[in-house]
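The values are calculated or read from the model by the stated rules, or taken from the named source; none is laboratory data. All of these numbers come straight from a predicted model, not from anything done at the bench. Backbone-built Cβ (ideal geometry, glycine too); neighbour counts: all protein chains shown. The accessibility values were calculated without ligands, DNA or RNA, using every heavy atom of the protein model including side chains. Shrake-Rupley method; radii C 1.70, N 1.55, O 1.52, S 1.80 Å.
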Amino acid sequence: MKRRQLFAGVAGLAASTLLLAACGTGPTPASAPTPTEDPSGSITFWSSLAGMDKVAEAFNASQDKIKVSFETIPNGANGGYAKLSTAITAGNGPDVSTIEYPQLPQFVSNGQVVPMDGLINQSVTVDKLTDETKALVQFGDKTFGLPYDAAPMIMWYRKDMLAKAGVEVPKTWDEFEEAGKKLKAVQPGAYLASFNPNEVAASAGLAWQAGASWFGTEGDSWKVGINDEATKKVATYWQKLIDQKIVKVSQAYSDEWSLDLANGTVVGVVGANWSATGIQKRTEASGQKGRWIAAELPNWGSEAGAFYGGSSFNVTKSSKNPAAAAKFIEFLTTNPEAIKARGNTGSAFLAFPGLTPVAQQAYDASYFGNDIYGVFNKAYGTITPGWQWGPNWDSTNTALKDAYGKLTTGGTIREAVDTAQTATVDGLKQSGLSVTQ
């Protein structure tokens, strides 16, 4: 763990400097506000996460010094981040925001969220987190939010279909390919999984697991590697699976994708802990209870994992009461009563130690054919250290989605990552940043 701490600290410090430099001609980087020993007053809280209205109500009922007003906003894919960014820039944003990990560096570089150091009790919050979860919200010696969930990337399979193909749960990606071939031999119309063009974060997770480094620093420059060697290996592999019809190209959450899961056309899902609810929703009507299991991702020869999804809570630059905002964020992310208040929101896996069992009590996992939380725990323990999200995830995300749109008309994943590399580098240079490749 010491090696991981050293690596994360050095990389984070350099990235922090460059994130703040990313403001360029933009807003002045936000500085840490002065802490208040016993904060009070009113604050606003924006989130797209289900059940957060109940958490705000529970916090309000637990004390009488701070009053939280909650507002539901759209998720990022439906304009939530645009609304949040515009409001913060105009000075009328919320005190507390909800920002996913890939998008957080962009809000940091734009000076739209403030460091929470001095506002939070480090010993009972940040210090209890793993290095890998700290790295999601820390840049150098500053903490720009507290992590809520820490979503380990995993595979979901129809165990009955694996048995029909005569294969065990694949431990390596080579075994995954062989399992797919054997499945096709006994069920020609079936696919072992799907490749989802609209889930770029899944592509990032698969590259992360393979040892890729999409963003890093080299001296005073950003180093961009969307098409680095590890990513090219992953791209070539998944293209082969597509070409062999072992996996099917389809948009995640679409009617087609949902039907494929329901009728057994697709018998595996590249997902995370939070995928459980969606799988159950799409398959229970077709009598698949007990047939789905969770499993660790196949690997490239040694144990490795990645995060896929997850959110942080942050104090925005427009907050008029940052101390009260930080107090509420501590409650949101570390207090079991906050998790109880939110109720059943699916198979949550939370960043703060001891909270996942609380969330687990509200979720009935009996639909699945194995101990899914045991798998989550194992996967969480294999996260590959050193991953850094870049200062403008929107550019990379958009470029890859657009390029993936050509996969069904002759395009390839290798071409897509090359396109995204060029678009990301060009975008950073247009922002006045120094970039190396």
Debye log10 I(q)/I(0) for the chain, one point scatterer per Cα, at q = 0.11 Å⁻¹: -0.85
State whether the range 96-230 is rounded, prolate or oblate according to the following rule on the C-alpha gyration tensor (a ≥ b ≥ c being the square roots of its eigenvalues): a/c under 1.5 gives rounded; otherwise a/b larger than b/c gives prolate, and the remaining case gives oblate. prolate
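Rounded to the nearest 500 deg cm²/dmol, what is the calculated helix-only ellipticity per residue at 222 nm for the chain, with -39500 (n - 2.57) per DSSP H run of length n ≥ 4?
Working: 17 runs with 180 residues, N = 437.
The helix contribution divided over the chain gives -12500 deg cm²/dmol.
Does the range 300-437 classify as rounded, prolate or oblate by the C-alpha gyration tensor (a ≥ b ≥ c root eigenvalues; a/c under 1.5 gives rounded; else a/b over b/c gives prolate, otherwise oblate)?
On the way: a/c = 2.38, a/b = 1.36, b/c = 1.74.
It is oblate, given that a/c is not under 1.5 and a/b is not larger than b/c.
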Near the amide H of GLU100, under 5 Å away, which other amide H atoms are found, from residues 5 or more places off or on another chain, if H is placed in the peptide plane? SER312
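Work out the length of the dipole vector of the range 68-192 about its Cα centre, built from +1 on the beta-carbon of each Lys and Arg and -1 on the beta-carbon of each Asp and Glu, and round it to the nearest 20 debye.
Details: 11 positive and 15 negative charges, 105 e Å.
For the range 68-192, the charge dipole is close to 500 debye.
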Exposure of ASP131 as accessible area (Å², to 10), given a probe of 1.4 Å and all protein chains: 20
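Rounded if a/c is under 1.5, else prolate if a/b is larger than b/c, else oblate: which is the range 163-312, with a ≥ b ≥ c the root eigenvalues of its Cα gyration tensor? Show your work: numbers first, answer last.
On the way: a/c = 2.05, a/b = 1.59, b/c = 1.29.
Prolate shape, in that a/c is at least 1.5 and a/b is the bigger ratio.
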Once fully extended, how much extra length lies between GLU256 and GLU284, figured as 0.36 nm per residue of separation less the alpha-carbon to alpha-carbon distance? 8.4 nm
By the mean-Cβ-within-10 Å protection proxy, highest first, 41-50, 355-364 rank as 41-50, 355-364
Share of accessible surface on carbon and sulfur in the chain, whole %, 1.4 Å probe and ligands ignored, is 50
FRET efficiency, SER434 to LYS406 (Cβ-Cβ, R0 30 Å, nearest 0.05): 0.45
Positive-end residue, the range 99-219 charge dipole about Cα centroid, Cβ charges, pick of GLY180, ALA163, ALA202: ALA163
Computed over the chain: longest principal axis from alpha-carbon atoms vs helix 413-430 long axis, angle to nearest 10 degrees, is 20
Charged-residue dipole, Cβ positions (Lys, Arg, Asp, Glu), the range 189-272 about Cα centre, Debye nearest 20: 260
Ordered by residue, what ³J(HN,Hα) values in Hz, to whole numbers, does the range 244-261 give under the Karplus form 6.51 cos²θ - 1.76 cosθ + 1.60, where θ = phi - 60° and Gly and Pro are x? 7, 6, 7, 10, 10, 7, 7, 6, 4, 6, 6, 4, 4, 5, 4, 5, 4, 6
Placing each pseudo-label 7 Å from Cα in the direction of the beta carbon, LYS54 and VAL249 end up separated by a distance in nanometres of 4.1
Cα-based helix-to-principal-axis angle, 229-243 vs the chain, degrees rounded to 10: 40
Could you order ASP160, ASP394, ASP95 by accessible surface area, starting with the largest, using a probe radius of 1.4 Å? ASP394, ASP160, ASP95
Straight-line reach from LYS340: which lysines fall under 25 Å, measuring Cα to Cα and dropping same-chain residues less than 8 apart? LYS54, LYS65, LYS67, LYS128, LYS134, LYS281, LYS327, LYS378
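For the peptides 383-390, 169-176, what is the packing order when you average, over each peptide's residues, the other Cβ atoms within 10 Å and list the highest mean first? Don't jump to the answer; show the numbers that get you there.
Numbers: 383-390: 20.6, 169-176: 17.6.
Packing order, densest peptide first, comes out as 383-390, 169-176.
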Computed accessible area, ARG291, all protein chains, 1.4 angstrom probe, square angstrom: 90
Could you order the peptides 301-311, 104-114 from most to least packed, using the average number of other C-beta atoms within 10 Å per residue? 104-114, 301-311
How large is the accessible surface of PHE352 in square angstrom, using a 1.4 angstrom probe and rounding to the nearest 10? 20
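How high is the FRET efficiency from ASP160 to THR422, r the C-beta distance, R0 45 Å, rounded to 0.05?
Details: r = 44 Å, r/R0 = 0.98.
Efficiency for this residue pair is about 0.55.
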